[in-house]
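These notes concern the structure reproduced below.
The values are calculated or read from the model by the stated rules, or taken from the named source; none is laboratory data. All values reported here derive from a predicted model rather than from experimental measurement. No Cβ is skipped: glycine too gets one built from the backbone with ideal geometry, and neighbour counts run over all protein chains shown.
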C-alpha cells in the first residue's frame, strides 16, 4: 500500500483544524483565544488520541496513520464524506465504502426542523425511517419514531400493516403504493443488493404479494409531487403539499407539509397545530 503524501496530509489537517471553530464542537471560545480555529490538543481530544500523536501528523513527522486513526480524525474534525475520502487518499488508503445508515440527523437539518414546530415536518432517511418529528407532525401522522425493527420503515408498514393505510383515502392507496416502491427502487439502485435497502426489499417481497408485483414493474419517481390527502380522525380531510429538503451527506430528507391558504385544509391544519400531539392518530 502507498504510504501517501505526508506533507499534503499535514497541510490538509492544519487547514481543517483552522476552519473548525470552538462553537462548532461545543467548546467555549474563552477570552484568551487570540486566533480562530481549534488548538491541536483540542482536536486530539475530539479524535480520542494523544496530543503528541496528532501534532506529529501535522508537522509532518508522525507514523503512517491506520484506517482506524483516520476514521477517528474524520469524526473529530467533522469532515464531510468527500473530505473524509480525500483524507484517506492523502494517507495512502482506499476511501471507505459509503454505507448509508442515516440514523444521525445533521446539525443543519436540526436547526431548520426546530424552527418549524407549528408545522408538520419530519426527517426521514432513505429507507423511510422517521428520525425526528415536530409535535404537529406527530399530531398529523402519529409518533412514527416509536416503531422498532423493519416496522421503523414506512415502506414496510404500508405493505404489511393494514392500520398504516387508514390515514389515506382508499382511492389513493394504489398510487401511494407505487410511489413507495419507486422510492425504494432508488435506494436499492444506490446501495446495492448487499445493503439494508436490499434486505428490506427481500423482506417485503416475501411478506407482500402487492409489493412483489409492483417491484417487478420497476416504477420510477417523477419530477413533480401531487398533493397528498390525509383522513385525520380529529379534524377530517386534509389536502397537503409536501416540500422536500435533501441532505446528501446524511441520506436524509426533511419533509414539510403545508396547505393552501384560504382552503378548508388550511383551517384544519391550523386546528391540528393547536390540538398538538393529543390529536395524534391511534391506528
I need the full set of residues from segment 238-283 which are touching a residue at least 40 places away in the same chain (Cβ under 8 Å) and part of a strand (DSSP E or B), in order please.
238, 240, 245, 247, 252, 253, 254, 255, 256, 257, 258
Hey, does segment 210-219 have a residue that's outside any helix (DSSP H, G or I) and surrounded by fewer than 18 Cβ atoms within 10 Å (Cβ to Cβ)?
yes
Residue list for segment 6-27, filter: crowded, with 16+ Cβ neighbours inside 10 Å and either more than 23 Å from residue 108 (Cβ to Cβ) or at pLDDT 90 or above (or both)
6, 9, 10, 12, 13, 14, 16, 17
Members of segment 128-176 that are assigned to a helix (DSSP H, G or I) and farther than 21 Å from residue 211 by Cα
135, 136, 137, 138, 139, 140, 141
Residue 209 passes all but one of (1) within 14 Å of residue 119 (Cβ to Cβ); (2) more than 26 Å from the chain's Cα centre (by Cα); which number fails?
(1)
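One line per residue, one yes/no per condition, for (1) more than 18 Å from residue 245 (Cβ to Cβ); (2) in contact with a helix residue (DSSP H, G or I) (Cβ under 7 Å, 6 or more places away or on another chain); (3) not assigned by TED's automatic domain parsing to the domain that holds residue 190:
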{"residue": "40", "(1), (2), (3)": "yes, yes, yes"}
{"residue": "45", "(1), (2), (3)": "yes, no, yes"}
{"residue": "61", "(1), (2), (3)": "yes, no, yes"}
{"residue": "68", "(1), (2), (3)": "yes, no, yes"}
{"residue": "76", "(1), (2), (3)": "yes, yes, yes"}
{"residue": "111", "(1), (2), (3)": "no, no, no"}
{"residue": "124", "(1), (2), (3)": "no, no, no"}
{"residue": "131", "(1), (2), (3)": "no, no, no"}
